[in-house]
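Enquirer: Please read through the structure below; I'll follow up with questions.
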Amino acid sequence: MTADDLAVIERGGYGKKAGMGKDPALLLIDCQYNHIGADAPILEQIGEYPAGGGAAAWEAVRRIVPILEEFRRQKRPVIYTRYCFSERAARYDTFAAKRGKDISRFIDGAPGTRIVEPLTPRDDELVIDKVHASAFYATALLSSLIRLRVDSVVIAGVSTSGCVRATAVDAQSNNFKVTVVSDGVADRISASHKASLLDLWMKYADVSSSAEVLDYLKQLGTAREESDGIPR
């Protein structure tokens, strides 16, 4: 960033912490084989997974696992999204038409629509299918969060500049506190990844490392245990 950029951030008061809240839900965005890809440098795997993030996405998955385990340990809500279509709906995917991608790999039931094994959802965890960038658009996500009585969301997954960013902005627009896990998200283009994290940090979300998120979660767990006397 230029000196002027840094001055705008400082004088404009951007990037202040809002906090995670006391009742967070974990949103794992599109952690499917289609979008995570193979655990290899991106150009080595792009033939098999054109929308896959490759090694960087798998590194994000590994950072997500401890956060997921802590949410589960504390019995806090975990919600997954999947980007996939029914065969009937696939013909209306204008996003696919934008770059001429092979829509068949995104039809529900295709191998690439599965969530990657290290993050496999449990039977009692909600999985929301979507066909737009934001997990809030034309889905039951908002009503589900209201029913769960959460006050904040922790967002991880892919891609930073697409579905993660769109979901984070809509979460903030719906008055949830938002934390994006900086090393638990990934993108196919490094410039898009970095610029999106900067924008989210400035205006819409806290951007915190997985270690920071874990530390805060453990503090919440300890406080809850002390308040009700029931170990979790």
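Any read-out appearing in this document is the output of simple, stated calculations on the displayed coordinates, not a laboratory observation. As the structure is a prediction and not an experimental result, all values here were calculated from the model. Note: ideal-geometry Cβ built from the backbone for every residue, glycine included; neighbour counts use all protein chains shown.
Enquirer: Averaged over every viewing direction, what's the projected area of the C-alpha convex hull for the chain? Give it in nm², one decimal, please.
Expert: One quarter of the hull surface, i.e. the mean projection, equals 13.7 nm².
Enquirer: Is any residue of region 18-50 close enough, with backbone N under 16 Å, to a label point placed 7 angstrom from the Cα of Ala223 along the Cα-Cβ axis, and if so, which?
Expert: Within reach of a label on Ala223: 18-25.
Enquirer: Test of understanding: express the Cα radius of gyration of region 107-196 as a ratio to 2.2 N^0.38 Å, with N the residue count.
Expert: Expressed relative to 2.2 N^0.38 Å, the Cα Rg reads 1.12.
Enquirer: For region 1-95, evaluate the Debye formula with one uniform point scatterer on each Cα (no solvent term) and list log10 I(q)/I(0) at q = 0.12, 0.15, 0.16, 0.17 Å⁻¹, rounded to two decimals.
Expert: Result of the Debye calculation: -0.68, -0.90, -0.94, -0.96.
Enquirer: Once you wrap a convex hull around the alpha carbon atoms of region 181-229, what is its projected area averaged over all directions, in nm²?
Expert: The orientation-averaged projected area of the Cα hull of region 181-229 comes to 4.1 nm².
Enquirer: Defining a contact as two alpha carbons under 8 Å apart and six or more residues distant in sequence, what relative contact order in percent does the chain show?
Expert: 26 percent
Enquirer: Between the alpha-carbon centers of region 1-75 and region 155-232, tell me the distance in whole angstrom.
Expert: 8 Å
Enquirer: Further, regarding this structure: Report the paramagnetic label zone for Lys203: residues of region 1-20 whose backbone N is under 20 Å from a point 7 Å from Cα along the Cα-to-Cβ axis.
Expert: Of the residues in region 1-20, 1-19 have backbone N under 20 Å from the label point off Lys203.
Enquirer: Can I ask one more? What is the sum of charges around Ala38, taking Lys and Arg as +1, Asp and Glu as -1, for the other residues whose C-beta is under 9 Å from the C-beta of Ala38?
Expert: The answer is -3.
Enquirer: Please report the equivalent ellipsoid semi-axes of region 41-86, computed as sqrt(5 x eigenvalue) of the Cα gyration tensor, largest first, in whole Å.
Expert: One finds semi-axes of 27, 16, 4 Å for region 41-86.
Enquirer: Number of Lys pairs in the chain with C-alpha atoms less than 20 angstrom apart, excluding same-chain neighbours closer than eight positions?
Expert: 17
Enquirer: Which trypsin sites (Lys or Arg not before Pro) in region 119-177 sit in a loop by DSSP (not H, G, I, E or B) and have at most 11 other Cβ atoms within 10 Å of their own Cβ?
Expert: Hits after loop and neighbour filter: Arg122, Arg149.
Enquirer: Using all alpha carbons of region 1-57, what is the percent of pairwise distances in each 10 Å bin, ordered from the shortest bin to the longest?
Expert: 20, 21, 17, 36, 5
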